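The values are calculated or read from the model by the stated rules, or taken from the named source; none is laboratory data. Source: prediction; values computed, not measured. All Cβ positions, glycine included, derive from the backbone under ideal geometry; neighbour counts span all protein chains shown. Quick note on the areas: whole protein, heavy atoms, side chains included, nothing else; ligands and nucleic acids left out. Shrake-Rupley method; radii C 1.70, N 1.55, O 1.52, S 1.80 Å.
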Amino acid sequence: MINNINAYSNTNLFKAYYQKNAQNKKPHQPVPNNNYSTPAHSPDNKPVRASIFYINDVHGQNIRMERLVNAINQFDTKNSPDTDKMKFASGDIMLGEDEKHVKVADKFLNLGGFYATALGNHECDLPTDKFVNLIKDKQYKILGLNMKPDTANPITPYIEKSYIQEINGNKYGIIGLVPPDLHVHVKLQEHLPHLNIEQNFDKTVAEVQKEVDRLEKQGVNKIIVLSHSGYRHDQQLANNVKGIDIILGAHTHNLLDGIEENKNLFYSPDGEPVIITQAGRDGKNFGVLNVEFNNKGVITKAQNNIGKTDSYGRNLIARGEFEKILGKPEVVGVIKSAEKYPEDLYGQENPHCDFIVDALRKELNTDIAVMNSANIRGQFETGRIDTRDLAIISPFANKVAVVEATEEEIVNAIKSRIKASMNSKSHRPGIVQVSGLKYDFSKNGELLSMKFVDKNGNETPIDINNPRKDKMYTIASDDYCITSKDMGLGLPHRYNNALKKFDFDKDIIVGEYIKHQKDPVEIKADGRIKMINNDSSNSAA
């Protein structure tokens, strides 16, 4: 639940501020001798209190959006009238090419009363002309200082570098950043040159400093950045830009609860405290940041709370509005049991993915089915399941296809994805989830063994060191997984010559598969993918 702003944590940032300045020996900022306590405020020097409801990386999870509306309603009733309450999003609230789901996310931002959002990579899943047509009734601002789209691009009038938010006579400068690595995360690569994203983040840091300076010249001394740049880049901003107070972060899906130095409390070149937030991914959490500023715009007290979205019920008004867009869902079956979603989404077998690729393989009658680990954004839950549940489990609106590929192509693609994923701290981009195959790999990213499993359960070893170029397999997957080198098999030539192409995503196939089951469905891992702690090079040790 949401805590009241009056219940601050013990984090007294003014104390840390003066301690940091003392260490840096800045003579123009003397250390008081009052045991670092917060200076008393006279009536003319009254502190400014603000409470910020923030979200990031909701990824089109519209059922959680319904729950978030109830959390927002609770937030709106909290705190005293002299508290400046704000609601911001840091991007990737939308997701995928399904225009209905993008429209639902736009409706959610309007219903929630959000002031602004940064533009994330998934807001760019659609061509810009379609995107702007869906958000033309938006009541929130879209920010992206480091995006400079072509003048003729239809998105250009919708993107602002920053703006000034005034509440109770207090002015806040709000700046937004899009991801510098946008080119890695969007499917529609042909649209990227027309968006003109600055990929050099050092240049973006300098641009942010100029924008902060410009806002400060207008009398604004409280600066908030809505950043879809990622945790590492947010730290770079905090440590190198003078004047930023808060960075509401996103993109890397970190969950930053509380306030802790060197985790989400940093110091600007002037020694002023800078707080970074992130609330994880898929709308599972939201944040409420309570802060108090002195008359110089320095944060002196703060409390950062993370709330659990699923502890709230679904808002009936939001549900009704969303179903006007999506239509009424159809119940397709019953889930008897479902294993827990894995903690490591990218680096281990996911039983929810197992179920999806098994459905693809069965319904499309292929040798193999594959999907990329990051393509799943929700999870199956016990009880009745309907078409809306399925649509948000895999919500990208990619297009299912059946292709042929050689054994060598499949082995090399899986090898490449294992190596890239296990050599990454976050295990991104993620291993390939499979049906019709079994494979073992080492924790340092080597494929150790692989078997083909036919429809009768018979297993045939595959020589991973000399995979056959003349052995062909039929594969069911989606267009993005088949074609993407970074996130999938990297076989665009195979997609171009696909045996079958469909105009819908995996949720439609999975719905049909569930309908065909005589008994309630059980979802569980079966060990088809295993990580071995010791690879072949040190297994004898």
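The residues neighbouring residue 104, those whose beta-carbon lies less than 12 Å from its own, together hold a net charge of +1 under the Lys/Arg +1, Asp/Glu -1 convention.
Placing pseudo-labels 7 Å out from each Cα toward the beta carbon at residue 531 and residue 206 gives an inter-label distance of 4.0 nm. Return the Rg/Rh ratio of segment 454-541 with Cα-based radii and a Kirkwood Rh. Here the Rg-to-Rh quotient is 1.03. Full extension of the segment from residue 270 to residue 468, taken as 0.36 nm per residue of separation minus the current Cα-Cα distance, would add 65.1 nm. Rounded to the nearest 10 degrees, the angle from helix 506-515 to the longest Cα principal axis of the chain is 60 degrees.
In the full protein context, segment 421-477 carries 49 Å² of accessible surface per residue, based on a 1.4 Å probe and ignoring ligands, DNA and RNA.
Please report the antiparallel percentage of DSSP beta bridges with both residues in the chain, rounded to the nearest 5.
Working: 54 of 89 bridges.
Bridges in the chain that DSSP calls antiparallel: roughly 60 percent.
Computed over segment 152-234, the Cα gyration tensor eigenvalues convert (square root of 5λ each) into semi-axes of 27, 15, 11 Å, ordered from largest to smallest. For the pair residue 499 and residue 444, a Förster radius of 41 Å applied to the C-beta separation gives a FRET efficiency near 0.65, rounded to the nearest 0.05. Using θ = phi - 60° in the Karplus curve 6.51 cos²θ - 1.76 cosθ + 1.60, the 3J(HN,Hα) couplings for segment 105-116 round to 5, 4, 4, 4, 4, 6, 4, x, x, 5, 6, 7 Hz; x is entered for Gly and Pro. Once all protein chains are placed together, residue 198 keeps about 60 Å² accessible to a 1.4 angstrom probe. In terms of overall dimensions, segment 93-155 has a Cα radius of gyration and Dmax of 11.2, 31 angstrom. Residue 341 exposes around 20 Å² of accessible area when a 1.4 Å probe is run over every protein chain in place. Stokes-Einstein at 4 °C, 1.567 mPa s, Kirkwood radius from Cα pairs: D for segment 265-340 in µm² s⁻¹? Roughly 77 µm²/s, to the nearest whole number.
Note on segment 305-449: Cα-Cα pairs beyond 22 Å make up 49% of the total pair count.
Estimated from the Cβ-Cβ distance and a Förster radius of 25 angstrom, the FRET efficiency linking residue 196 and residue 130 is about 0.80.
The alpha-carbon of residue 308 sits under 12 angstrom from the alpha-carbons of these aspartates and glutamates, leaving out residues fewer than 8 places away in its chain: 257, 282.
Which whole-number percent gives the relative contact order of the chain, counting Cα pairs below 8 Å spaced six or more residues apart? Display every interim value, and only then the final one.
Numbers: 1232 pairs, mean separation 79.4, N = 541.
The normalised contact order for the chain reaches 15 percent.
In a simple Cβ point-charge model (Lys, Arg +1; Asp, Glu -1; nothing else charged), segment 313-401 has a dipole of about 400 debye relative to its Cα centre.
Taking a straight Cα-Cα cut-off under 20 Å and skipping sequence neighbours fewer than 8 places away in the same chain, the lysines within cross-link reach of residue 399 are 100, 103, 130, 187, 362, 485, 500, 501, 506. Legend: Rg and Dmax of segment 44-105, from Cα coordinates, 15.1, 53 Å. Per-residue ellipticity at 222 nm computed for the chain from its helices equals -8000 deg cm²/dmol, with DSSP H segments shorter than 4 residues left out and the rest contributing -39,500 (n - 2.57). Computed over neighbours whose Cβ is under 14 Å from that of residue 421, the net charge equals +3, Lys and Arg +1, Asp and Glu -1.
Given a Förster radius of 25 Å and the C-beta distance between residue 518 and residue 343 as r, what FRET efficiency does 1/(1 + (r/R0)^6) yield to the nearest 0.05?
My answer for the efficiency is 0.15.
Computed from the Cα positions only, the extents of the chain along the three principal axes stand at 80, 59, 48 Å, in decreasing order. Give me the one-decimal nm value for the distance between modelled label points at residue 214 and residue 310, 7 Å along each residue's Cα-to-Cβ direction. Result for the modelled spin labels: 4.4 nm.
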